Amino acid sequence: QVQLVESGGGLVQTGGSLGLSCAASGRIFSINTMTWYRQAPGKQRESVALITSAGSTHYADSVKGRFTISRDSAKNTVYLQMDNLKPEDTAVYYCNLLQRGVYSWGQGTQVTVSS
């Protein structure tokens, strides 16, 4: 069993910054991919950024240059630094862990960007 706990969401003005973190616990294998997803009201969940255990990253075009994903493998924690936030970034942000073909999800944390 894997548990993922996100933290760091909140309310911020346009142009502001927020940092999210996601701590994984349980049976964590050395090879895995951690991904931040988000889901806005009435929209499908979308991938925002991912990082592999080797450190490779990938970002959605909508957040490139503004968001930075990183991880501390020793702590099984992934981070998402979000800068220059826009109202369209408002969503519930979810942490996901993929390992050995199995997906695990966190409970989500709300990010609201006011205009």
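The values are calculated or read from the model by the stated rules, or taken from the named source; none is laboratory data. This one's a predicted model, so the numbers in the text were calculated from it and none came from an experiment. Glycine gets a Cβ as well: all are built from the backbone with ideal geometry, and neighbour counts include every protein chain shown. Note: areas computed on protein heavy atoms with side chains; ligands, DNA, RNA excluded. Shrake-Rupley method; radii C 1.70, N 1.55, O 1.52, S 1.80 Å.
Here is how the numbers come out for the structure above:
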quantity: One residue from Leu50, Leu11 being of a type in the set (A, V, I, L, M), open to solvent by 50 Å² or more (accessible area, probe 1.4 Å), in a strand (DSSP E or B) and out of contact with any Cys (no Cβ under 9 Å at 6 or more places or on another chain); calculated: Leu11
quantity: Residue check for Ser7: farther than 15 Å from Leu97 by Cβ and either of a type in the set (Phe, Trp, Tyr) or without any contact (Cβ under 8 Å) to a residue 12 or more places away in the chain (or both); calculated: no
quantity: Filter result for the condition that a residue is in a strand (DSSP E or B), within 20 Å of Ser17 (Cβ to Cβ) and of a type outside the set (A, V, I, L, M), over Tyr103, Tyr93; calculated: Tyr93
quantity: Filter result for Arg38 (in contact (Cβ under 8 Å) with a residue 40 or more places away in the chain, among the charged types (D, E, K, R) and open to solvent by 40 Å² or more (accessible area, probe 1.4 Å)); calculated: no
quantity: Unmet criterion (only one of (1) at pLDDT below 95; (2) aromatic (Phe, Trp, Tyr); (3) in contact with a Leu (Cβ under 7 Å, 6 or more places away or on another chain)) for Trp105; calculated: (1)
quantity: Answer residue from region 62-90, given it is in contact with a Phe, Trp or Tyr (Cβ under 9 Å, 6 or more places away or on another chain), open to solvent by less than 70 Å² (accessible area, probe 1.4 Å) and in a strand (DSSP E or B) and is farthest from Asn32 (Cα to Cα) among those; calculated: Met82
quantity: Hits in region 17-35 (condition: in contact (Cβ under 8 Å) with a residue 60 or more places away in the chain, in a loop (DSSP other than H, G, I, E, B) and surrounded by fewer than 18 Cβ atoms within 10 Å (Cβ to Cβ)); calculated: Ser17, Ile28, Phe29, Ile31
